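Peer 1: Before anything else, here's the structure in question.
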Amino acid sequence: MKMSRFAALTSSLLLAAGAALFGAGQAAAATADFGYVALGDSYSSGVGAGNYDSGSGDCKRTTRAYPALWAAAHAPQTFSFAACSGARTGDVLSGQLSPLNSGTDLVSITIGGNDAGFSDVMTTCVLQSESTCVNRVNQAKAYVDSTLPGRLDQVYDAIHGRAPGAHVVVLGYPRFYKLNGTCVTGLTEGERSAINGAADYLNAAIAKRAADHGFTFASVAGAFTGHEICSGDAWLHSVNWLNIGESYHPTAAGQSGGYLPAFTSAA
């Protein structure tokens, strides 16, 4: 079984530490220089998890997001948290890549949902008819077919160009709804099914582009199964008219119980 990059690093550190006892301290110091950069959108910045860093402004980064949780547990020598709420592929290209360099060892990213119109899809489905919702979902899927792959290629090429030695983990998005679950009002089952299908469709496209670039795709769909909206133990916020920005985003439990294990396994 192939070890994850971080597992391999840990083994190297242990070997280097042992070698230091016999006069190889410089090797241990060199091995310990491990850099992690977290890129992406609100699913990586931690929108929905609360306790936002005021210094991050509208990006709404939080220590409850999976990148910060992983960094706290593994103590990389450098950690750059660049993910930002609302980010699209173009925003990553124009504003998030500066922390990457030839010394970056690990990169994580969630991106593509905003490009595909995630927010507008959900607004349409909440406010309009089932047929209008399904049509909007199909428009988003058409974008995923026609345009998103090229946008993802640009981001992935740029990451590799700036950090050619990094292990890159691309994380997907959860399905939002448990079908035939506890919800008795709100969207129809047809709308919920269409939205879930769109999430799977988006994830498949992202996974293919990641694989074609030699990156690791980490699915979170399995981790969120049983914790969708309408499950009775949701790790996702439903629509919240008092805090619309957190709607359909992972809670703190979704970050720690859903995203963090998926990333840890892939890192």
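Peer 1: Taking only the range 212-248 into account, find how many residues are part of a strand (DSSP E or B) and either modelled with pLDDT under 95 or open to solvent by less than 40 Å² (accessible area, probe 1.4 Å) (or both).
Peer 2: 3
For (1) open to solvent by less than 50 Å² (accessible area, probe 1.4 Å); (2) more than 17 Å from the chain's Cα centre (by Cα); (3) at pLDDT below 95; (4) among the β-branched types (Val, Ile, Thr), each residue gets a yes or a no:
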position	(1), (2), (3), (4)
GLY90	yes, no, no, no
ILE111	yes, no, no, yes
ALA140	yes, yes, no, no
GLY172	yes, no, no, no
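Peer 1: Within the range 181-202, which residues are of a type outside the set (Phe, Trp, Tyr) and touching a helix residue (DSSP H, G or I) at 6+ places or on another chain (Cβ under 7 Å)?
Peer 2: Once the filter is applied, which keeps residues that are of a type outside the set (Phe, Trp, Tyr) and touching a helix residue (DSSP H, G or I) at 6+ places or on another chain (Cβ under 7 Å), the range 181-202 yields LEU187, THR188, GLY190, GLU191, ALA194, ILE195, ALA198, LEU202.
Peer 1: ALA116 - would you say it is more than 22 Å from PHE217 (Cβ to Cβ) and either free of Cβ contacts under 8 Å to residues at least 24 places away in the same chain or part of a loop (DSSP other than H, G, I, E, B) (or both)?
Peer 2: Here the answer is no, as ALA116 does not meet what is asked.
One line per residue, one yes/no per condition, for (1) among the basic types (Lys, Arg); (2) in contact with a helix residue (DSSP H, G or I) (Cβ under 7 Å, 6 or more places away or on another chain):
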{"site": "ASP145", "(1), (2)": "no, no"}
{"site": "LEU152", "(1), (2)": "no, yes"}
{"site": "LEU171", "(1), (2)": "no, yes"}
{"site": "LYS178", "(1), (2)": "yes, no"}
{"site": "THR216", "(1), (2)": "no, yes"}
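The values are calculated or read from the model by the stated rules, or taken from the named source; none is laboratory data. Only a predicted model underlies this, so the values are computations on that prediction, with no experimental measurement involved. As a convention, Cβ positions derive from the backbone with ideal geometry for all residues, glycine included, and neighbour counts pool all protein chains shown. The accessibility values were calculated without ligands, DNA or RNA, using every heavy atom of the protein model including side chains. Shrake-Rupley method; radii C 1.70, N 1.55, O 1.52, S 1.80 Å.
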